[in-house]
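To start, the structure under review is shown below, and the notes come after it.
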Amino acid sequence: MRSIIHCLIFFSLFLSCTRTDRSEDLSQLVDEELSFSLEQYKLMAQSLPDANRLPRTTSRDDGSLVTSGTDWWCSGFFPGSLWYLYEYSGNPEILAEAKRRTAVLEREKFNTGTHDLGFMLFNSFGNGYRLTDDLQYRDILITGAKSLISRYNDTIGCIQSWDHGNWQFPVIVDNMMNLEYLFWATRITGDSSFYRIAVNHANKTIQNHYRDDWSSYHLVDYNPSTGEVIKKQTVQGAFDESAWARGQAWGFYGFTVAFRETGNPEYLEAAKNIALFLLNHPNLPDDMVPYWDFNAPEIPDAKRDASSASILSSALLELQRYVDEDLANTYMHAAEKIIRTLSSPSYRSEPGENNNFILMHSVGSLPGNSEVDVPLTYADYYYIEALMRFREVFANE
Ligand code: GLY
């Protein structure tokens, strides 16, 4: 039944879309947007001469640039974006800047107080290692991966997300994004424990975070002694049973990667089902940039979240590689639509504006009244990644 619905929905939504139907100007758009991103992030780097300060967002009080230290969960996104922009341009100045911004994060390899080391270290050192084979980067990454798995509980089968709050062992769906780092660590070291932990975490996430319709809870709290679920709830979403948009995008991206790394068809099915939930959702706007929560009570006046859109587009561009041609076309078309919207003046900054961030209009935590309708480094990072993935598609056609 599910597969029939799949076909009908996608058939009606994207009736005549094939790879060859894609507008010829898409390749040009991708190139223009990457060139723009490169220039914009050069300005960002100039505006922040101290490498220890990383861009975070824009203040809603006075419009100024808000920065963070290396211990903020987003510290890897700016260096990671610089690595992608170096990959795009081959520009030696960007390479030097990427190295400089990455180096300051080394201290986080000993940070055992967060599950976000994938974002912090793998996006920065990981991209750096991928592009330079620098063995020092590899060693830093291995140390960081050991710090990350120190948060694993074998009774539960998950990595603990947060140390704050009144939970016993909180796991948020966002944590699916850290698994890529662990799969990499097993490949590089030959130590299968990273892989085993990643697989256990993914399996538990399917079991306890996902609902029958393939939407996800934000947070599941576990009893660390018995492994039992204590509570399922939201923190950054509209209400416990709602579908917080970025959480859905994190999970979608995470299961796509988990399939790539394991070949387990269960993860492929999970990713396809999450895509179905998202792309077919009645509250997904026509321009494909989600509201901050798919069930936000204030829809259609709810704030949009560009970060969810950019994560979604990047993951769609990966998932299309693993599915049949019809579905691949559907995913490609959806990713194209998102990128076109994000690249329009509604979301993309003008040169030198927006505190030199690339995209506008993301939401960090609306219930926390934090980072609402502002630029965020992770919206930019996955936007650039999606653009790079489009380039790869064009290169292989
Ligand atoms: N991982 C935190 C967030 O997505 O806001």
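Residues that are open to solvent by 10 Å² or more (accessible area, probe 1.4 Å) and over 25 Å from residue 371 (Cα atoms): does the range 289-311 have at least one? No. Residue 253 meets all of the listed conditions (1) without any contact (Cβ under 8 Å) to a residue 60 or more places away in the chain; (2) under 19 Å from the mean Cα position of the chain (by Cα) but one, namely (1). Residues in the range 372-393 that are farther than 19 Å from residue 247 by Cβ and open to solvent by 50 Å² or more (accessible area, probe 1.4 Å): 391, 392. Looking only at residues in the range 352-371 that are open to solvent by 10 Å² or more (accessible area, probe 1.4 Å) and away from the ligand (no atom under 12 Å from the Cβ), the one that is farthest from residue 338 (Cα to Cα) is 369. From the list 56, 100, the one residue that fits, being surrounded by 21 or more Cβ atoms within 10 Å (Cβ to Cβ) and modelled with pLDDT of 95 or more, is 56.
Of the candidates 227, 251, the single residue that is within 14 Å of the ligand (Cβ to nearest atom) and touching a Ser or Thr at 6+ places or on another chain (Cβ under 7 Å) is 251.
Tell me the residue from 178, 200, 166 that is open to solvent by 40 Å² or more (accessible area, probe 1.4 Å) and part of a helix (DSSP H, G or I), please. Matching residue, one of 178, 200, 166: 200. For the condition of a type in the set (Val, Ile, Thr), out of contact with any Gly (no Cβ under 6 Å at 6 or more places or on another chain) and over 30 Å from residue 396 (Cα atoms), residue 338 does not qualify. Of 297, 290, all but one fail to be of a type outside the set (Phe, Trp, Tyr), more than 16 Å from the ligand (Cβ to nearest atom) and either at pLDDT 95 or above or touching a strand residue (DSSP E or B) at 6+ places or on another chain (Cβ under 9 Å) (or both); the exception is 297. Quick check on this structure: which one of 188, 156, 142, 172 is of a type outside the set (Gly, Ala, Ser), within 16 Å of the ligand (Cβ to nearest atom) and touching a residue at least 40 places away in the same chain (Cβ under 8 Å)? Matching residue, one of 188, 156, 142, 172: 172.
The values are calculated or read from the model by the stated rules, or taken from the named source; none is laboratory data. As the structure is a computational prediction, the values presented were derived from the model and not from experiment. Don't worry about glycine lacking a Cβ; one is built from the backbone with ideal geometry, like all the others, and counts go over all protein chains shown. SASA here: full protein model, heavy atoms, side chains in, ligands and nucleic acids out. Shrake-Rupley method; radii C 1.70, N 1.55, O 1.52, S 1.80 Å.
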